[in-house]
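Here is the structure we will look at, set down as structure tokens.
The values are calculated or read from the model by the stated rules, or taken from the named source; none is laboratory data. Note that the coordinates shown come from a computational prediction; the quantities given were computed from them, not determined experimentally. Cβ placement follows ideal geometry from the backbone for every residue including glycine, while neighbour counts extend to all protein chains displayed. With ligands, DNA and RNA removed, areas are computed over all heavy atoms of the protein, side chains included. Shrake-Rupley method; radii C 1.70, N 1.55, O 1.52, S 1.80 Å.
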Amino acid sequence: MRRGWKMALSGGLRCCRRVLAWVPVLIIVLVVLWSYYAYVFELCLVIYLIFYHAIFVFFTWTYWKSIFTLPQQPNQKFHLSYADKERYENEERPEVQKQMLVDMAKKLPVYTRTGSGAVRFCDRCHLIKPDRCHHCSVCAMCVLKMDHHCPWVNNCIGFSNYKFFLQFLAYSVLYCLYIATTVFSYFIKYWRGELPSVRSKFHVLFLLFVACMFFVSLVVLFGYHCWLVSRNKTTLEAFCTPVFTSGPEKNGFNLGFIKNIQQVFGDKKKFWLIPIGSSPGDGHSFPMRCMNESQNPLLANEEPWEDNDDDNRDYPEGSSSLAVETET
């Protein structure tokens with residue numbers, strides 16, 4: 001009886017957690033809807049409405065894609081078979097378990113390891129993690145090329161929707177900047193007492209304040225992710241250097257500026273600004289600089305990449321507030 005109550009309570013808490021996870025998204029939606037009403041119906045800046053709606057469409061489109069594009073999980077070949085799972089769980093010697101995973105990983109395109117050099121294995125999903133894949137405790141799943149779990153979209157940002165998330169940040173910055181610049185002239189009129197409507201005064205003040213506030217925070221976050229893209233890193237890899245079979249290598253996935261951008265947006269520039277899937281590959285394996293050097297004599301003759309001062313910087317714990325990290 002007591003066990004049944006515990007299960008019911010646990011289920012109720014999970015349900016409440018799922019509902020509360022949508023609160024940040026609801027806040028953003030309400031703010032955006034109010035900004036649309038205030039800008040279009042209250043201020044009615046006719047001259048600016050065409051450009052405003054163009055930005056608004058792409059802003060809402062990318063936000064929708066960031067929320068409802070499901071995180072991509074590893075395919076079946078990375079999961080342990082029923083027999084391997086039973087054999088692994090019944091084995092009590094850690095060194096034997098470690099060797100079992102090494103033998104299983106030989107058939108898979110897996111080149112990253114844990115800090116101790118062991119094969120990366122998720123004991124909750126019972127799978128060998130592909131390169132750049134991590135387990136999200138909020139989504140309760142392993143996510144391909146996981147970047148972070150974002151509460152503002154109530155979704156895990158990874159291979160399937162990282163492009164959409166970047167576009168959402170870019171159009172959010174543009175949306176806030178456009179509102180702030182076009183409303184500023186009305187803000188001046190407010191101070192001069194040239195606005196007769198008290199309600200319009202409220203919308204002008206609040207629009208400018210909210211637009212500037214979100215612009216500052218978003219431009220910092222967007223700039224940080226632009227830096228990550230230029231180095232072909234995820235948020236997790238920026239704070240924890242990936243370990244390869246040859247050892248730790250912070251530039252292991254860095255292919256050069258242009259190729260790094262193409263790893264997210266694809267090689268067709270006409271799709272870079274449109275929120276449609278164009279990232280190359282399947283999210284299970286990625287080109288690595290060390291492999292390119294061994295296979296391409298032109299790359300092998302290049303001088304070693306110099307470390308940038310930013311790479312050698314120790315990031316404080318507070319800097320992780322740029323993204324809510326829930327990987328385990």
task: May I ask you to list the residues in the range 253-287 that are free of Cβ contacts under 8 Å to residues at least 40 places away in the same chain, open to solvent by less than 50 Å² (accessible area, probe 1.4 Å) and of a type in the set (A, V, I, L, M)?
output: Leu255, Ile261
message: Can you tell me how many residues within the range 230-244 are over 11 Å from the mean Cα position of the chain (by Cα) and part of a helix (DSSP H, G or I)?
response: 5
- prompt: Quick one: would you say Lys145 is outside any loop (DSSP other than H, G, I, E, B), modelled with pLDDT of 95 or more and either surrounded by 23 or more Cβ atoms within 10 Å (Cβ to Cβ) or of a type outside the set (A, V, I, L, M) (or both)?
  reply: no
message: Report every pair of residues separated by at least 6 positions or lying on different chains whose Cβ atoms are under 6 Å apart, first residue within the range 69-90 and without any contact (Cβ under 8 Å) to a residue 60 or more places away in the chain, second open to solvent by less than 70 Å² (accessible area, probe 1.4 Å) and of a type in the set (A, V, I, L, M, F, W, C).
response: His79/Leu127; Tyr88/Met100
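The rows are residues; the columns are (1) free of Cβ contacts under 8 Å to residues at least 12 places away in the same chain; (2) of a type in the set (Phe, Trp, Tyr); (3) in contact with a strand residue (DSSP E or B) (Cβ under 7 Å, 6 or more places away or on another chain); (4) part of a helix (DSSP H, G or I).
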residue: Arg14; (1), (2), (3), (4): yes, no, no, yes
residue: Val19; (1), (2), (3), (4): yes, no, no, yes
residue: Val29; (1), (2), (3), (4): yes, no, no, yes
residue: Leu33; (1), (2), (3), (4): yes, no, no, yes
residue: Tyr39; (1), (2), (3), (4): no, yes, no, yes
residue: Glu42; (1), (2), (3), (4): no, no, no, yes
residue: Tyr48; (1), (2), (3), (4): no, yes, no, yes
message: Criterion first (open to solvent by less than 30 Å² (accessible area, probe 1.4 Å) and small (Gly, Ala, Ser)) does Ala118 satisfy it?
response: yes
Selected residue (criterion: modelled with the highest pLDDT) from residues of the range 34-75 that are under 24 Å from Phe202 (Cα atoms) and small (Gly, Ala, Ser): Ser35
Cross-chain or 6+ apart pairs with Cβ under 7 Å, the range 120-132 first and in a loop (DSSP other than H, G, I, E, B), then of a type in the set (Ser, Thr, Tyr): Arg120/Thr112; Arg120/Thr114; Pro130/Ser285; Asp131/Tyr111; Asp131/Thr112; Asp131/Ser285; Arg132/Thr234
- request: Go through Ser172, Ser81 for me and flag whichever is over 11 Å from the mean Cα position of the chain (by Cα), surrounded by 23 or more Cβ atoms within 10 Å (Cβ to Cβ) and farther than 17 Å from Cys240 by Cβ.
  value: Ser172
Which listed residue is at pLDDT below 95 and either within 24 Å of the chain's Cα centre (by Cα) or open to solvent by 20 Å² or more (accessible area, probe 1.4 Å) (or both), from Asp103, Asp131: Asp103
task: For the range 14-30, indicate whether the set of residues that are open to solvent by 30 Å² or more (accessible area, probe 1.4 Å), in contact with a helix residue (DSSP H, G or I) (Cβ under 7 Å, 6 or more places away or on another chain) and not basic (Lys, Arg) is non-empty.
output: no
task: State the number of residues belonging to the range 61-78 that are over 17 Å from the mean Cα position of the chain (by Cα), assigned to a helix (DSSP H, G or I) and surrounded by fewer than 17 Cβ atoms within 10 Å (Cβ to Cβ).
output: 2
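Residues checked against (1) open to solvent by less than 20 Å² (accessible area, probe 1.4 Å); (2) in a helix (DSSP H, G or I); (3) under 30 Å from Tyr52 (Cβ atoms); (4) at pLDDT below 95:
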{"residue": "His149", "(1), (2), (3), (4)": "yes, no, no, no"}
{"residue": "Phe159", "(1), (2), (3), (4)": "no, no, no, no"}
{"residue": "Leu166", "(1), (2), (3), (4)": "yes, yes, yes, no"}
{"residue": "Ala180", "(1), (2), (3), (4)": "yes, yes, yes, yes"}
{"residue": "Lys189", "(1), (2), (3), (4)": "no, yes, yes, yes"}
{"residue": "Pro196", "(1), (2), (3), (4)": "no, no, yes, yes"}
{"residue": "Lys201", "(1), (2), (3), (4)": "no, yes, yes, yes"}
{"residue": "Leu207", "(1), (2), (3), (4)": "yes, yes, yes, yes"}
{"residue": "His225", "(1), (2), (3), (4)": "yes, yes, yes, no"}
field: Lys233 among the basic types (Lys, Arg), at pLDDT 95 or above and open to solvent by less than 90 Å² (accessible area, probe 1.4 Å)
entry: yes
